[in-house]
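Structure first, commentary second.
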Amino acid sequence: LLKLAAQPKNIAGVREAVAARARQLGADEGTVDDLKTAVSEACNNVVLHAYPDDAPERPLEVSLRQEKNGLQLAVRDQGQGIQPRSGRAKGLRMGLLLVGAISTCFVLRSGHGRGTELTLWVPLRGDLA
Ligand SMILES: Nc1ncnc2c1ncn2[C@@H]1O[C@H](COP(=O)(O)OP(=O)(O)O)[C@@H](O)[C@H]1O
Ligand SMILES: [Mg+2]
């Protein structure tokens, strides 16, 4: 479990830590690549969307758990939650589509003022998919 501040400079480190842990748990390179993509998208969303620009603290939590034939990645923040679309969208809105394409299943939980949690599952290896 990693706990750190949601800042752009921290994302590469989180991605590499998740990749290293996944390899340790027996993930093949395809799964490692998918997890790197997913963790980048999820953390970038926390950096970009979770907190107002002037937030004094920007907590970000990332965990990777071993399950029977797969891995569970969870990315959590304590931000404002998913807001209704504001017209001036900042991104391409591809992040969650990518997560959906990569994972066996994902769950996005968010509440106004209660933060957001993205949980997703991937098979440990291609031969278990
Ligand atoms: N952690 C988060 N906190 C608040 N809103 C979020 C969070 N993650 C995603 N969102 C919302 O979901 C939308 C879709 O995310 P995504 O598919 O990654 O597209 P993009 O980041 O390019 O806008 C975001 O535009 C944002 O409104
Ligand atoms: Mg995004």
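Remarks
- Hull volume in cubic angstrom per residue (convex hull over the Cα atoms of the chain): 101
- Euclidean distance of C-alpha centroids, the stretch 97-129 and the stretch 1-30, integer Å: 15
- Label-to-label distance, ASN10 versus GLU29, with points set 7 angstrom from Cα along the beta-carbon direction: 3.1 nm.
- Residue-count net charge about ARG65 - beta-carbon cut-off 14 Å; Lys, Arg +1, Asp, Glu -1: 0
- Take every pair of alpha-carbon atoms less than 8 Å apart whose residues are at least six positions apart; their mean separation over the length of the chain yields a relative contact order of 28 percent.
- With helices as the sole contributors, the chain gives -10500 deg cm²/dmol at 222 nm; each DSSP H run of n ≥ 4 counts as -39500 (n - 2.57), and the sum is divided by every residue.
- Our estimate of slack between THR104 and ARG85, defined as 0.36 nm per intervening residue step minus the Cα-Cα distance, is 4.2 nm.
Any read-out appearing in this document is the output of simple, stated calculations on the displayed coordinates, not a laboratory observation. These numbers were taken from a predicted model, which means no experiment stands behind them. Cβ coordinates were reconstructed from backbone atoms using ideal geometry, including for glycine residues, and neighbour counts include every protein chain displayed.
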